[in-house]
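The values are calculated or read from the model by the stated rules, or taken from the named source; none is laboratory data. Computed from a predicted structure; not experimentally measured.
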């Protein structure tokens with residue numbers, strides 16, 4: 001992926017695009033979810049300086065929490081609708097990257113219910129089916 005090909009809400013200067021490309025390559029080294037989250041920050045960012053600050057802040061979380069936890073937190077952050085560095089920071093601060101989350105039950109057929117659990121830390125997607 002090339003940052004220059006992304007359509008952004010805010011026009012970015014060539015210098016900013018070059019810096020973002022470097023940050024994106026670092027994000028790819030950490031993991032695909034980190035890179036995808038950084039893309040989301042760039043695409044939905046409102047101001048050029050905020051986009052750069054958010055990208056830098058996201059990658060700086062690796063120093064405090066490590067690559068694995070940052071990757072897991074970004075996976076979990078991508079499930080939500082908000083995209084900013086504070087979301088990932090809160091996930092890490094509250095250790096939510098290391099726990100399984102249960103989804104809402106969905107009834108597929110009459111009398112059968114399925115609950116989708118996502119366990120980010122172990123990279124699992126679990127479906128539990130039971131009769132009602």
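In region 30-50, how many are in a helix (DSSP H, G or I) and over 15 Å from the mean Cα position of the chain (by Cα)?
Selection size over region 30-50: 3.
Hey, among 126, 91, 118, which residue is modelled with pLDDT of 50 or more and part of a helix (DSSP H, G or I)? I'd like the intermediate steps shown before the answer.
Values: 126 fails: part of a helix (DSSP H, G or I); 118 fails: part of a helix (DSSP H, G or I).
It is 91.
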